[in-house]
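The values are calculated or read from the model by the stated rules, or taken from the named source; none is laboratory data. Predicted, not measured: the structure shown is a model, and the values here were computed from it. Positions of Cβ are backbone-derived with ideal geometry, glycine not excepted, and every protein chain shown enters the neighbour counts.
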Amino acid sequence: MTNPAPAVDTHLLPADSGPPGTEPLLAVDNLHVEFKTRQGLVRAVNGVSYALNAGETLAVLGESGSGKSVTAQAIMGILDMPPARIPKGEIRFRGTDLLKLSESARTQIRGQQIAMVFQDALSALNPVFTVGWQIAEMFRVHRGLRKKAAYAKAIELMDRVRIPAARQRVNDYPHQFSGGMRQRIMIAMSIALDPDVLIADEPTTALDVTVQAQIMELLAELQRESNMAMILITHDLGVVADVADKIAVMYGGRIVENAPVHDVYKNPAHPYTKGLLESIPRVDQKGQELYAIKGLPPNLLDMPSGCAFHPRCPFRQDDCVTDVPPLHAISGTRSSACHYWREVLDGVER
Amino acid sequence: MSNSTITASPAENTKPEKAKKPASLWSDAWYDLRHSKVFLFGAALALLLVIIAAFPSLFSSVDAFNPSTCDLSRARDGIESAHWFGSDNLGCDTYSRVIYGARVSIIVGIVATLATSIVGGFLGLLAGFYGKWTDVLLSRVAEIFFAIPSILGALLILAVIGRDNAGIGSVVLALSVLAWPLVLRIMRAAVITTKSQDYVLAARALGAGPVRIMVRHILPNAVAPVIVVTTMNLGVFIAAEAALSFLGVGIQSPDISWGLMIADSRNRFLEAPAPLLFPALFLSITVLAFVMLGDAVRDALDPKLR
């Protein structure tokens, strides 16, 4: 990408939906992440901003390589640096910029205040220890509990994430559980220390559809119980609808649309979001050809000029090729990074 | 292995083998080992040799270290009822010397193996985990040692130490100094592979510190190849000790070593073969036992061979 990133005026953004003047629980502000690779500099995240209050769920939507997971890993502070680098931006948690904290201070925050659920629980659990040991470790390390008390807590947690016969299964190894059960264990570990923010990185992608719904339900329920804030990273619009409060759609390392979840479903304000919604299979369209967004996701090493989406966009005009669209505020809670968001909202294709 | 897939399929669970609790790599490996004839045979032999080394007096009524038990008039006598393995150049009983010689072999084998594995394993863990300049420094130093041909290098080290100071300690030192880089390399490679696993990232995301990640999450998952090399090294070091003693730079008289016994008897081999053949036979059996152990452990732990 050769053209400079647009100066996103964060004051225009409907960043906090909380009371005006108060700092949100977690605020990502103009975050940039880049990776040094042999082929060149990969700008994975280019000025992402979002904010989250307690009890809220933000869904971050986007395809592979859109920067959604990298943003999450930057929040967690588990990016390997190098090759990763954060040249610009802030990640404020309760008003403190996490990026300025020391590594040991961040280790204190990880798990206790911000925790993460990974996509593939089988590979995210240590294969050589029993699940009970792994859950109990959270209490032993961070709470200083003794072995017995920690195991009791582990069983309690396994019950809480609805693992049947938790007492009998506490000494089983990860590979002895089914995919859904493993994900429950991963969730149990991540909520063990009552974090304020839970980041779930595609928590249901590796699971089959019936189990997906159960896991989402579990996450939503745990969130209600403890008033956690949740960032749900996904590429599956179907998963989002019931759980999320607001959606941030990412494309090419940038947020292209920010909106309350129902507005997005009713009336998307960015051509990419529109394309995503239209490519969901629907029963009432049986027999018709399924819509697909034409073209390929952008190559992060060689981003298209102007708007990253322009080569695939049905609304494209000449200035899309040259000018990077800023995030236009549509209403108090919505914004869209498209020059022609009005046309998209009206559904006028050219 | 044939039984490793059974746990995956519920249909098979009704078979008698359901009694086997499906579990971790380690219990799987232990299950394989218990059912491996090679392992059982090797382990039995190795155990016997360790017992011989620890309590030689259980196996021989003659104290080989006591010079008064030797009788020059019996020198190079053949096999007889009181001296099963014959007598050597000085008229000492070969059987009791072979029995007492086991100790040196076993001690050198075990201590050198432990030293190599601990030093190489620890440095390999650091190099693999911290990477960057730690890795560069440790790997380059290891390569310098790696470049030295082992027997030649050991000869040189022992020659510098000198015959007067030579003994078990110096042999262990010479062997370990040259062998740890191999363990470092293997450990480093395994750690680098393990480091990029999701569960290490997940452990970090849940607040585990670097030491905890290294010890709890990486080490147990990366240690298997090192255990394989460790078991194999036992046999290698025992053979190397015999070679160095044979060449005259290792164990020195009056200490007893199989390599030394072979060297002492080689000039009169045609006249009196027994004092050479029996220590050689014991040496071969010992090395064989540990190599068999190593083979079986590798089969059980190496996922590529499963």
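Restricting attention to region A:224-239, the residues being crowded, with 21+ Cβ neighbours inside 10 Å and within 23 Å of residue A:206 (Cβ to Cβ) number 7. Taking the criterion of being surrounded by fewer than 22 Cβ atoms within 10 Å (Cβ to Cβ) and outside any helix (DSSP H, G or I), the residues of region A:178-196 that qualify are A:178, A:193, A:194, A:196. Taken over region A:264-279, the criterion of being touching a residue at least 40 places away in the same chain (Cβ under 8 Å), assigned to a helix (DSSP H, G or I) and surrounded by fewer than 19 Cβ atoms within 10 Å (Cβ to Cβ) is satisfied by A:277 alone. If I filter region A:118-127 for residues that are away from chain B (no Cβ under 12 Å) and either free of Cβ contacts under 8 Å to residues at least 40 places away in the same chain or over 24 Å from residue B:193 (Cβ atoms) (or both), do I get at least one hit? Checked region A:118-127: no residue is away from chain B (no Cβ under 12 Å) and either free of Cβ contacts under 8 Å to residues at least 40 places away in the same chain or over 24 Å from residue B:193 (Cβ atoms) (or both). Screening region A:162-180 for residues that are farther than 26 Å from residue A:229 by Cβ and aliphatic (A, V, I, L, M) and picking the one that is farthest from the other protein chains (Cβ to nearest Cβ) gives A:166. Cβ separations smaller than 7 Å between residues 6+ apart or across chains give the following pairs from region A:89-101 residues that are free of Cβ contacts under 8 Å to residues at least 60 places away in the same chain to residues that are part of a strand (DSSP E or B): A:97/A:90; A:97/A:91; A:98/A:91; A:99/A:86; A:99/A:90; A:99/A:91.
A search for C-beta distances below 7 Å between a residue of region A:139-154 that is in contact (Cβ under 8 Å) with a residue 40 or more places away in the chain and any residue that is assigned to a helix (DSSP H, G or I), counting only pairs 6+ apart in sequence or on different chains, returns A:139/A:150; A:139/A:153.
One residue stands out among those in region B:189-245 that are among the basic types (Lys, Arg) and facing another protein chain (nearest Cβ under 7 Å): the one that is nearest to residue B:264 (Cα to Cα), which is B:212. Filtering A:229, A:192 for residues that are among the small types (Gly, Ala, Ser) and within 14 Å of chain B (Cβ to nearest Cβ) leaves a single hit, A:192. Determine if region A:151-161 includes at least one residue that is within 12 Å of another protein chain (Cβ to nearest Cβ) and more than 18 Å from the chain's Cα centre (by Cα). No: region A:151-161 contains no residue that is within 12 Å of another protein chain (Cβ to nearest Cβ) and more than 18 Å from the chain's Cα centre (by Cα). For residue A:132, the conditions (1) within 12 Å of another protein chain (Cβ to nearest Cβ); (2) within 30 Å of residue B:27 (Cα to Cα) all hold with the exception of (1). Within the set A:257, A:202, the sole residue that is within 14 Å of another protein chain (Cβ to nearest Cβ) and in contact (Cβ under 8 Å) with a residue 60 or more places away in the chain turns out to be A:202.
Consider region A:136-177 and keep the residues that are closer than 24 Å to residue A:217 by Cβ and among the β-branched types (Val, Ile, Thr). The one that is modelled with the highest pLDDT is A:155.
From the list A:223, A:212, the one residue that fits, being more than 13 Å from every other protein chain (Cβ to nearest Cβ) and in contact (Cβ under 8 Å) with a residue 60 or more places away in the chain, is A:223.
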